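Worksheet for the structure shown next.
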Amino acid sequence: MTVEKTQSGTASGSASFGFRDVPEPDRQRLVNEVFARTAERYDLMNDLMSGGLHRLWKADLIGMLAPPKGNRASGDRAFHLIDVAGGTGDVAMRYAAASGPAARATICDISPEMLAVGRRRVENAGLSDRIELVEGNAETLPFPDRSFDAYTIAFGIRNVTHIDRALAEAFRVLKIGGRLLVLEFSEVQVPILDRIYDFHSFEVIPRLGEAVAGDRASYQYLVESIRKFPRQEPFAAMIRTAGFERVSYRNLTGGVAAIHSGWKL
């Protein structure tokens, strides 16, 4: 089964929630409910959706970020990452492992359930002194202008109702010279692989969600949300519109996912 990927095009006052339109004010609540139900199994969900490849993709994300490994990033100022929609702590802890002891990370997530999982994992890893967790909306980040050296968001931006506002906030909270990195599922650009991917997405993943987590609906939304997310080039254009320069993207696994990069210069 081949499912054509569509862009977000909804009636005024509505927003897409998977393949259906809902009143715009309701969308965030519905997304929050998905992650409240799946928080404890979120990383397993990514394993199921990507066949475990998300772990390699996140390693590529940290590799592209190339966090400083010394005690200081520049002078006496520590390098500070904000990881948005990173509630379970997966990306932030990978960053901590790859960076020097002075580097800091702030996880910002709108879901208290996801943050609870992340807080437990960060404490168990002995990283509470380097990673803080803050509840907040990607569209209205609770931080001053020019607070961070880098901004990452992995598999989260497609769940934001107003992507343009989230990108504007990313630009606002980054320091001059700061970098945006977005890891997100994208459009497969390899023949045959796209058909295999469609079958896995629409026939396998919802069934696995029902069997493993007793929650078919959440998995169905997540695979549908991937198809509603902008393709690589239109999303890169959105990043440029937000003010970022030297915008580029790198396809992973034939375009199953992509890492988008932009700089605040």
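Here are the numbers:
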{"quantity": "Lone qualifier among Leu133, Leu48, Leu81 - being touching a helix residue (DSSP H, G or I) at 6+ places or on another chain (Cβ under 7 Å), over 25 Å from Arg172 (Cβ atoms) and either surrounded by fewer than 21 Cβ atoms within 10 Å (Cβ to Cβ) or of a type outside the set (Gly, Ala, Ser) (or both)", "calculated": "Leu48"}
{"quantity": "Considering residues of the range 216-261 that are β-branched (Val, Ile, Thr) and touching a residue at least 60 places away in the same chain (Cβ under 8 Å) only, the residue surrounded by the fewest Cβ atoms within 10 Å (Cβ to Cβ)", "calculated": "Thr241"}
{"quantity": "Residue that is farthest from Ile82 (Cα to Cα), among those in the range 159-168 that are surrounded by 22 or more Cβ atoms within 10 Å (Cβ to Cβ) and either at pLDDT 95 or above or among the hydrophobic types (A, V, I, L, M, F, W, C) (or both)", "calculated": "Val160"}
{"quantity": "The range 185-208, residues that are under 19 Å from Ala257 (Cβ atoms) and either among the polar types (S, T, N, Q) or touching a Lys or Arg at 6+ places or on another chain (Cβ under 6 Å) (or both)", "calculated": "Ser186, Glu187, Gln189, Ser201"}
{"quantity": "Enumeration of residues in the range 215-252 that are of a type in the set (Val, Ile, Thr) and at pLDDT 95 or above", "calculated": "Ile239, Thr241, Val247"}
{"quantity": "Breaking point among (1) β-branched (Val, Ile, Thr); (2) touching a Phe, Trp or Tyr at 6+ places or on another chain (Cβ under 9 Å); (3) on the phi > 0 side of the Ramachandran plot, for Ile192", "calculated": "(2)"}
{"quantity": "In the range 107-130, residue farthest from Asp149 (Cα to Cα) [restricted to those that are more than 19 Å from the chain's Cα centre (by Cα) and of a type in the set (A, V, I, L, M)]", "calculated": "Ala125"}
{"quantity": "Unique match (being assigned to a loop (DSSP other than H, G, I, E, B) and either of a type outside the set (Asp, Glu) or over 19 Å from His260 (Cβ atoms) (or both)) among Thr152, Thr161", "calculated": "Thr161"}
{"quantity": "Which listed residue, of Arg104, Arg41, is over 15 Å from Tyr151 (Cβ atoms) and either touching a helix residue (DSSP H, G or I) at 6+ places or on another chain (Cβ under 8 Å) or not β-branched (Val, Ile, Thr) (or both)", "calculated": "Arg41"}
{"quantity": "Output for the range 205-215, where each listed residue is over 17 Å from Phe185 (Cα atoms) and in contact with a helix residue (DSSP H, G or I) (Cβ under 9 Å, 6 or more places away or on another chain)", "calculated": "Arg207, Leu208, Gly209, Glu210, Val212, Ala213, Asp215"}
{"quantity": "Top-ranked residue in the range 185-215 [being assigned to a helix (DSSP H, G or I), among the aliphatic types (A, V, I, L, M) and touching a residue at least 60 places away in the same chain (Cβ under 8 Å); ranked as surrounded by the most Cβ atoms within 10 Å (Cβ to Cβ)]", "calculated": "Ile205"}
{"quantity": "Set Arg104, Arg37, Arg55, Arg121: member being in contact (Cβ under 8 Å) with a residue 24 or more places away in the chain and within 18 Å of Thr152 (Cα to Cα)", "calculated": "Arg104"}
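The values are calculated or read from the model by the stated rules, or taken from the named source; none is laboratory data. It should be emphasised that the depicted structure is a prediction, and the values quoted were computed from it without experimental measurement. Cβ atoms come from the backbone with ideal geometry, glycine included; neighbour counts cover every protein chain shown.
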